[in-house]
Each structure stands twice: as structure tokens, then as C-alpha cells.
Amino acid sequence: QVQLVESGGGLVQAGGSLRLSCAASGRTFSSYAMGWFRQAPGKEREFVAAINWSGTYYGDSMKGRCTISGDNAKNTVLLQMSSLKPEDTAVYYCAAGSQVNYLNYDVERRYDYWGHGTQVTVSS
């Protein structure tokens, strides 16, 4: 069992930056791939970024404007976001999956555990 808690969301002006953090507890953090997804009001949840032992992966929505990184010693994964736009407004979720690889990193059902999300609001 893995518990995930996101933090770092908030209100930011367009063009600004935010760093989201996901603290993991439970089973060995390093054995899981970690991902970030987001869901805007009235829209489906979409993939943002993921990291596992083989590398990092990014979705089209924020490619070039975000960086995912992990700290195995602290059981934490970070999502640094910059040049934020109003359309980035969403609830951002952290997820962990033991069967995530380079073929399915953007597939929600491959992730076994999810946090409750943190709200990011970007004002224009």
C-alpha cells in the first residue's frame, strides 16, 4: 500500500511558476513509477509527467514548461511548473504505479495509487 499526499498548489498569475510536491509513504518508493495528472473542470483527467528508473516522460500539455524529479531518500516527487497559463488551471494529482513503463506512462489505469489532488489556479 502506498499513500500519496500532494502539496504546493495555489493561486498564481499567468506567466508565474509553482512547484508541486508529492510525499509518498508505505511501500518502497523507488519500486514505483510516479506520475502527475491533472483535471480541469468539465474535462477528463490528462497526463502531465511521469518518472521511473528509466527516465522522465511528459505530456504535450505542459511539455517544455514543467520538470518532474524524484528524491528517493525523501520519498518525494516534484513537479516544477513555469510559464503557467490560465488553461493550466486544474486539480493536479500524484499517482504511483508498479507496472508503468515507457509504453504506458500516460495511461491512468496503469497507476495503482492516487493522491487526493492539489488545486492550481492561474489567473489572467
What's the number of the only condition in (1) over 17 Å from Tyr111 (Cβ atoms); (2) modelled with pLDDT under 95; (3) not basic (Lys, Arg) that Thr67 fails to meet? (2)
So, in segment 41-62, exactly how many residues are among the aromatic types (Phe, Trp, Tyr) and without any contact (Cβ under 8 Å) to a residue 40 or more places away in the chain? 2
Flag for Asp71 being within 15 Å of Cys22 (Cβ to Cβ), over 13 Å from the mean Cα position of the chain (by Cα) and either surrounded by 16 or more Cβ atoms within 10 Å (Cβ to Cβ) or free of Cβ contacts under 8 Å to residues at least 40 places away in the same chain (or both): yes
Residues of segment 19-49 being over 12 Å from the mean Cα position of the chain (by Cα) and not hydroxyl-bearing (Ser, Thr, Tyr), which ones? Ala24, Gly26, Arg27, Phe29, Ala40, Pro41, Gly42, Lys43, Glu44
Let me spell it out: the conditions are (1) surrounded by 13 or more Cβ atoms within 10 Å (Cβ to Cβ); (2) modelled with pLDDT under 95; (3) over 24 Å from Ser25 (Cα atoms), and Gly59 meets all of them except one. Which number is the exception? (2)
What do you reckon, is Val120 in contact (Cβ under 8 Å) with a residue 60 or more places away in the chain and either touching a Ser or Thr at 6+ places or on another chain (Cβ under 9 Å) or open to solvent by 80 Å² or more (accessible area, probe 1.4 Å) (or both)? yes
Considering only segment 35-56, I want to know if a residue exists there that is out of contact with any helix residue (DSSP H, G or I) (no Cβ under 8 Å at 6 or more places or on another chain), surrounded by 13 or more Cβ atoms within 10 Å (Cβ to Cβ) and assigned to a loop (DSSP other than H, G, I, E, B). no
Residue count for segment 57-80, restricted to those that are within 22 Å of Gln99 (Cβ to Cβ) and either in a loop (DSSP other than H, G, I, E, B) or of a type in the set (A, V, I, L, M) (or both): 6
Given (1) surrounded by fewer than 18 Cβ atoms within 10 Å (Cβ to Cβ); (2) over 11 Å from the mean Cα position of the chain (by Cα), identify the lone condition not met by Thr89. (1)
Selected residue (only one of Ser83, Ser30 is open to solvent by 60 Å² or more (accessible area, probe 1.4 Å), closer than 19 Å to Val120 by Cα, of a type in the set (Ser, Thr, Tyr) and not in a strand (DSSP E or B)): Ser83
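The values are calculated or read from the model by the stated rules, or taken from the named source; none is laboratory data. Note that the coordinates shown come from a computational prediction; the quantities given were computed from them, not determined experimentally. No Cβ is skipped: glycine too gets one built from the backbone with ideal geometry, and neighbour counts run over all protein chains shown. We work out accessible area using only protein heavy atoms, side chains counted, and drop any ligands, DNA or RNA first. Shrake-Rupley method; radii C 1.70, N 1.55, O 1.52, S 1.80 Å.
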